[in-house]
Structure formats: C-alpha cells, structure tokens
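None of the figures in this text is laboratory data; all of them are computed from the coordinates on show. Predicted, not measured: the structure shown is a model, and the values here were computed from it. Cβ placement follows ideal geometry from the backbone for every residue including glycine, while neighbour counts extend to all protein chains displayed.
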Amino acid sequence: MRPMSRQSAPEAAAGDRPDPGLVRRRTLLSLLVVTPLGLLFKLYPGPGHRWFNNYGAGVLYVIFWCLVLFLIWPRQERATRIAAGVLAATCVLEVLQLWHPPLLEQVRATFPGRALLGTTFAWWDLPHYVLGAALAWWWMRFAGLTTSSA
C-alpha cells in the first residue's frame, strides 16, 4: 500500500496541470496550421468549393478565435467559457449580416471585411459554428495538452 501524499488538493491539482508555456507553444503551433488552412478553405476553387468557402471556413474561423483566446488564457478550465463566448460572438456577427448600414457595407466590400464579418446571413452557418466551437473546446480540453510525468 502506498503512503498518502502530503500535498493538499490544490497543490496536487496544480501539479497535474500542463505547463502554461508548453500549452501556449502548442496553441501557437495550432494557430500556424489553422490560419493558412482557413484562408485556403476560403479561397479554394475546386470540387466542393461552396462547402469549403462557406461552411468549412466557418468551422475554422471559430476554431481560430478560440485558439487566439486560449493563447491569452491557456487554462483548460477556461475552454468552455472561451468556446461558448466565441460561438455567441460568431452567431451575433451572423445575425448582423441582416443589417446593412453604409459603414458596415464599406468594411464588407474588402476581403478582410468579408472574411471577418461576412456578407450574407445563412442559417446553415450556425451549425458549422457549433461544430467549430465543439472541436475547439475538445482541442483546448484534451488534445495534446497533458504532459507525462513518467
């Protein structure tokens, strides 16, 4: 029988957390993959281009913003709040596409404006945003973030 550890619960839990520096490096590496992939999806001209340009890029858009926030706050406990906040923000941006004031139209006339704000409301964007938030949540909580103490 092993003797009980003298660590308090918070100390033991803190010892189980991945190193924030390591998590940030892995998150930055993820952003270095997701960012160009998202741009490629947005500009892809081949078979299935409508799905890639619109919905696939939307999934990666949500993942990108979740990873940006996770880079700032690299704690697994914040994954749910980050994913939910980004999902809410992207859904609000989607609904704002129903509104066409002159200033927003000028911004949307540029590629960055179209890519960041969108131009046309589509209900089908919303499930893809949910998928992006779920995948980002999974990445922030589980994928590649645990460290081996062996």
Using a Förster radius of 30 Å, what is the FRET efficiency between Val130 and Arg24 based on their Cβ-Cβ separation? Nearest 0.05, please. 0.70
Rel. contact order, % - alpha carbon contacts under 8 angstrom, at least six apart, the range 19-141: 33 percent
Taking a ≥ b ≥ c as the square roots of the eigenvalues of the Cα gyration tensor of the range 19-141, is the shape rounded (a/c under 1.5), prolate (a/b larger than b/c) or oblate? prolate
